[in-house]
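Visitor: Got a structure here, written out as structure tokens. Questions coming.
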């Protein structure tokens with residue numbers, strides 16, 4: 001059975017690599033052609049730069065994926081987890097303490113392994129293409145803060161989860177699920193006030209009249225927002241974006257300062273109208289409910305399978321601790337849920353089209369959103385020629401050329 005699972009894991013990996021190579025070959029073949037929707041907005045030199053950026057990012061991502069996959073396979077099926085599980089068991093730690101140490105050490109190892117790739121991405125690729133504005137000191141500070149925050153929140157959440165598992169062995173799956181959902185909602189409330197300010201500086205909008213226009217548009221959609229802010233994203237990157245954060249009456253509009261420099265006022269309103277479409281059509285709420293339902297199923301399945309004697313044997317182990325069994329279940333779920341990737345992508349792209357239509361109705365001018373997408377894609381060096389199969393499988397947003405074409409058709 002172990003051989004079969006390894007072969008299945010390698011088949012999933014090979015399929016992903018095949019899509020990656022198809023995407024690269026398609027880009028090399030058609031990447032020099034300016035789409036009609038981008039004529040006059042992008043020149044051949046920028047288009048070539050966009051193709052080079054996509055290829056460079058893709059190559060690093062592929063190498064990292066292959067490296068991580070090899071380590072995962074070696075750890076789970078190659079005997080490393082047997083040694084790690086036995087080594088930790090030798091300390092005879094209490095249940096909660098052992099669980100924290102087990103996963104915190106793995107998390108730290110994963111962070112250290114990923115550091116060289118993150119360094120290369122920021123200071124080689126992003127710098128080469130003119131996006132990186134971070135000093136090494138700022139990058140290091142961000143890494144340290146991220147590590148401390150993730151360790152703190154994991155310790156709090158995992159301690160509570162392991163306590164529930166120990167206290168209610170028959171129905172811990174339900175209580176752990178409640179804990180996870182509650183923690184996710186709490187983080188949505190705390191993040192704008194506790195976490196985001198640790199990395200960015202927020203300030204009132206400096207574009208005259210834009211905040212009033214945004215509030216007027218939101219009122220027209222029957223929504224309200226507590227604050228409209230701009231963030232100093234340019235301190236770290238040249239990429240642009242805009243987003244809503246918070247829930248309920250604490251919703252905030254956040255605009256990257258890079259976006260404010262790239263787009264006109266009407267184009268910014270069109271982009272925000274699209275984001276309002278997600279809220280008004282309850283895409284975010286539906287996604288949260290769907291993810292909560294999936295999490296409930298996984299918690300129940302973990303409770304059902306965690307005590308099965310044959311579980312460790314699936315990866316070549318004779319015995320395994322509770323924590324090692326959780327790792328095995330996570331490993332197997334990654335294989336089994338991979339075919340669902342295109343389904344989630346389809347649902348996400350459907351929501352994006354629906355939000356585009358809402359934005360056109362609310363804002364009143366589809367061309368503003370179309371030109372905003374063209375400018376943002378050009379500035380961010382987006383891939384204008386993804387392979388159709390790659391896009392169908394992985395893209396959460398429709399390819400930008402299709403979106404622009406669809407908007408202008410309205």
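Where a number appears in this text, it was derived from the coordinates with a stated rule and is not lab data. Model, not experiment: these values are computed from the prediction. As a convention, Cβ positions derive from the backbone with ideal geometry for all residues, glycine included, and neighbour counts pool all protein chains shown.
Visitor: Which value, in Å³ per residue, describes the convex hull spanned by the Cα atoms of the chain?
Guide: 148 Å³
Visitor: Quote the relative contact order of segment 16-168 in percent (integer), defining contacts as alpha-carbon pairs under 8 Å separated by 6+ residues.
Guide: Once divided by the residue count of segment 16-168, the mean separation gives 25 percent.
Visitor: Pick from 305, 381, 47: which residue has the top mean-square fluctuation in a GNM of the chain where Cα pairs under 10 Å get a spring?
Guide: Comparing 305, 381, 47 in a Gaussian network model of the chain, the most mobile one is 305.
Visitor: Next question, about the same structure. Within 10 Å of each residue's Cβ, count the other Cβ atoms and sort 360, 7 from fewest upward.
Guide: In increasing order of surrounding Cβ atoms, one gets 7, 360.
Visitor: As a test of the formula, what do you get for the chain when each DSSP H run with n ≥ 4 contributes -39,500 (n - 2.57) and the sum is divided by the residue count, at 222 nm and rounded to the nearest 500 deg cm²/dmol? It would help to have the intermediate numbers written out before the result.
Guide: Values: 15 runs with 274 residues, N = 410.
That calculation yields -22500 deg cm²/dmol at 222 nm.
Visitor: What is the ratio of the Cα radius of gyration of segment 1-152 to 2.2 N^0.38 Å, with N the residue count, to two decimals?
Guide: Details: Rg = 21.0 Å, N = 152, 2.2 N^0.38 = 14.8 Å.
That works out to 1.41 for segment 1-152.
Visitor: What ranking, highest mean first, results for peptides 204-210, 11-17 when packing means the other Cβ atoms within 10 Å averaged over each residue?
Guide: 11-17, 204-210
Visitor: Still on this model: Once each part is reduced to its C-alpha centroid, what is the distance from segment 42-65 to segment 269-292 in angstrom?
Guide: 30 Å
Visitor: Helix 210-220 sits at what angle to the longest principal axis of the chain, using alpha carbons and giving 0 to 90 degrees rounded to 10?
Guide: Rounded to the nearest ten degrees, it is 80.
Visitor: Given a Förster radius of 60 Å and the C-beta distance between residue 223 and residue 7 as r, what FRET efficiency does 1/(1 + (r/R0)^6) yield to the nearest 0.05?
Guide: Working: r = 51 Å, r/R0 = 0.85.
Step by step, r from the Cβ atoms, then E = 0.75.
Visitor: Find how much the distance from residue 148 to residue 185 grows on full extension, using 0.36 nm per residue of separation minus their present alpha carbon separation; answer in nm with one decimal.
Guide: Length gained between residue 148 and residue 185: 11.2 nm.
Visitor: By count of other Cβ within 10 Å, fewest leading, how are 21, 4 ordered?
Guide: 4, 21
Visitor: Who wins for biggest fluctuation among 382, 89, 270 in a Gaussian network model of the chain, springs between alpha carbons below 10 Å?
Guide: Comparing 382, 89, 270 in the GNM, the peak value goes to 89.
Visitor: Compute the acute angle (0 to 90°) between the alpha-carbon long axis of helix 283-305 and the principal axis of greatest extent of the alpha-carbon atoms of the chain; round to the nearest 10°.
Guide: Taking the Cα atoms of the chain, the angle to 283-305 is about 10 degrees.
Visitor: Using only the alpha carbons, work out the radius of gyration and Dmax of segment 326-410 in angstrom.
Guide: That works out to 16.2, 52 Å for Rg and Dmax.
Visitor: Between residue 107 and residue 174, how many nm apart are label points set 7 Å from Cα along the C-beta direction?
Guide: 2.8 nm
Visitor: Connecting C-alpha atoms closer than 10 Å in a GNM of the chain, tell me which of 366, 36, 342 has the biggest fluctuation.
Guide: 36
Visitor: Report, to the nearest 10°, how far helix 95-120 tilts away from the longest principal axis of the Cα atoms in the chain, using its own Cα long axis and a range of 0 to 90°.
Guide: 40 degrees
Visitor: Hey, can you rank 106-112, 229-235, 95-101 by average C-beta count inside 10 Å, highest first?
Guide: Those peptides, ordered most packed to least, come out 229-235, 95-101, 106-112.
Visitor: While we're on this one: Using a Förster distance of 45 Å, how high is the FRET efficiency between residue 232 and residue 33, based on the Cβ-Cβ distance and rounded to 0.05?
Guide: Computed FRET efficiency for residue 232 and residue 33: 0.75.
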